[in-house]
Each structure stands twice: as C-alpha cells, then as structure tokens.
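For reference, the structure is listed below as structure tokens.
The values are calculated or read from the model by the stated rules, or taken from the named source; none is laboratory data. In this text, all values refer to a predicted model and were calculated from it rather than measured experimentally. FYI the Cβ positions are ideal-geometry reconstructions off the backbone, even for glycines, and counts take in every protein chain you see. Ligands, DNA and RNA are excluded from the accessible area calculation, which covers all protein heavy atoms including side chains. Shrake-Rupley method; radii C 1.70, N 1.55, O 1.52, S 1.80 Å.
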Amino acid sequence: MVKKISSNPAIAQLQCTSLATLVQAEIERMILDGDLPSGAKLTESTLAEQIGVSRGPVREAFRMLEEAGLVTTIKNRGVFVRDVPIEEALEIFEVRAVMDLYVGRKLAQGLATTQVKELRQLADAMDQAVKADNAHDFHHYNLKFHDRLLELAGNAKLTATYRKLVNELSLFRRQNLTSESMAVYAREHRQIVKAIAGGDPEAAGQAMYQHVMNSRERTQRNYAQKKAAEAKAHLSGSAAALEA
C-alpha cells in the first residue's frame, strides 16, 4: 500500500523522491537478478502496477537507472535494459582490474581482525553456494564480497564509479557462473583474503587484478563460443530450408 503524498509541497517532493529511490532499487534488483533481461523493454504502467506505485516514481526511477548505466532511452521507442556490447564489456573489465589492484594494495596495508573475519565469512558463504551448485546465492555473495572490499578501501568516488561498472557487467558476469567457474572464483576469493590478511600489498593487489582479468578472459571465451554456436545453428537452419 503506497503512502498518501502530503499536501505540503516540500514534504510531497521529499516523499516522491524517497519513493522513486525505493522503486529504483527494486527495478535494479530485478535487472541484476535476471528477471528483466538485457534488451527488455520497460513499461511505466506495467512496472507501476507490479511494484504497487504510481507511474511518477517509476519515471523518475528510469532516469536514475539510466544515470547508473543500467537502462537506456531510445527516442520514440521507450526505455530498455541496457545491452552492453562485448567490446565495451572487455574494456570495463580492464578498468575494474586496475581499480582492484589499488584496492587490494590499500587493504593489505592494514585491516582490523573483525574486518578480515567478515571477508572470510563471505568467502565461506560462496563456498557453500558452490557445494550446493547455487548460482543465484553465489552471485549475491560475490557482489557483497567485492562491494565490501570497496567500502573498506574508504574511497567514496572510487566506490560509486566501481558500482556503476559492476552494474554494466551484470549480464556477462551471470553468464560466466557455471559449476566449474564458481569453484575457480571461490578459490581466487580465498587467495585475495589470504593476501590481505597477510599484509602483503603486492600479492593482494595482484590477486585482485588477476581475478578480474580471469573473468575478462572467461567472458571473451564464452562470447566467442556463443557466437560460434549461433552461426552453426544458422547454417544448419539454412541447409534444412534448402533441402525442404
């Protein structure tokens, strides 16, 4: 049930802004969870009814999501979940790798025991997800793990920029999650925590850098395999049509 908007203009504006932020968070969750896939058209009326709000907050949420790099507006067509080209995705991985190199080095210069314990608990949670072959939970804890590393680094501008890049890569990162890759990622997370806990800035930075570059390589390989399979299916379909 949506709260009634106050008749006071200032309070009404605050309530609308707060509601739009909540709507933005819900739509973002739907995109990152894969409920709204890449390229999907977003309709104000449909989402407003689904979430239980008026169309105004949804419209404002679209604007916020576009700023975050998750949706794009195409003139005379509407709003769509952003479809990031593979070339741009590979560039984003490279930028992330350099940022993670800095984060790893900084964190290894000194974290409290409780903070290292928190990182180990997140790594444990990912290990459990691997054992259960639960890609959804692994993706959730993976995001929390990297986001927590950023928070601990204590650089607000870097955190905001990094989160935007992570959102743009959400589709590719989910496609990378297989039973085999999750086990590899889990081991890499353990290496990152070990290097940070050991106070080795160079090892921690390199562990985080290589972790992202491995993801980049896996993304490039998966994309090439997908395109090859599509081309093979197209040729098979064309051959079948000629024989008919």
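Structure notes:
- Put Leu177, Leu107 in order of accessible area, highest first, and with a 1.4 Å probe you get Leu177, Leu107.
- Per residue, the chain exposes 56 Å² of accessible surface when a 1.4 Å probe is rolled over the protein heavy atoms with every protein chain present.
- Fraction of accessible area attributable to carbon and sulfur, the chain (%, probe 1.4 Å): 53
- Charged side chains reduced to their Cβ positions (Lys and Arg at +1, Asp and Glu at -1) give the chain a dipole of some 320 debye around its Cα centre.
- Candidates Gly110, Gly69, Gly78, ranked by Gaussian network fluctuation over the chain, Cα under 10 Å, top entry: Gly78
- Inter-label distance, nm, simple model (7 Å from Cα along the C-beta direction), Leu158/Glu67: 2.4
- Solvent exposure of Glu91, expressed as accessible area, is near 110 Å², computed with a probe of 1.4 Å over the protein chains only.
- Most to least accessible of Glu49, Glu26, Glu67 (protein chains only, probe 1.4 Å): Glu49, Glu67, Glu26
- Helices in the chain, meaning DSSP H runs of at least 4 residues, each add -39500 (n - 2.57). Divided by all residues, the mean residue ellipticity at 222 nm is -26000 deg cm²/dmol.
- For segment 28-66, the residues whose backbone nitrogen is under 14 Å from a point 7 Å from the Cα of Thr21, taken along Cα to Cβ, are 61, 64.
- Exceedance of the 28 Å cut-off in Cα-Cα distance is limited, within the set Lys144/Lys194; Lys75/Lys144; Lys106/Lys164; Lys131/Lys232; Lys75/Lys164, to Lys75/Lys144; Lys131/Lys232.
- Largest accessible area first, the residues Val184, Val58 order themselves as Val184, Val58 under a 1.4 Å probe with ligands, DNA and RNA left out.
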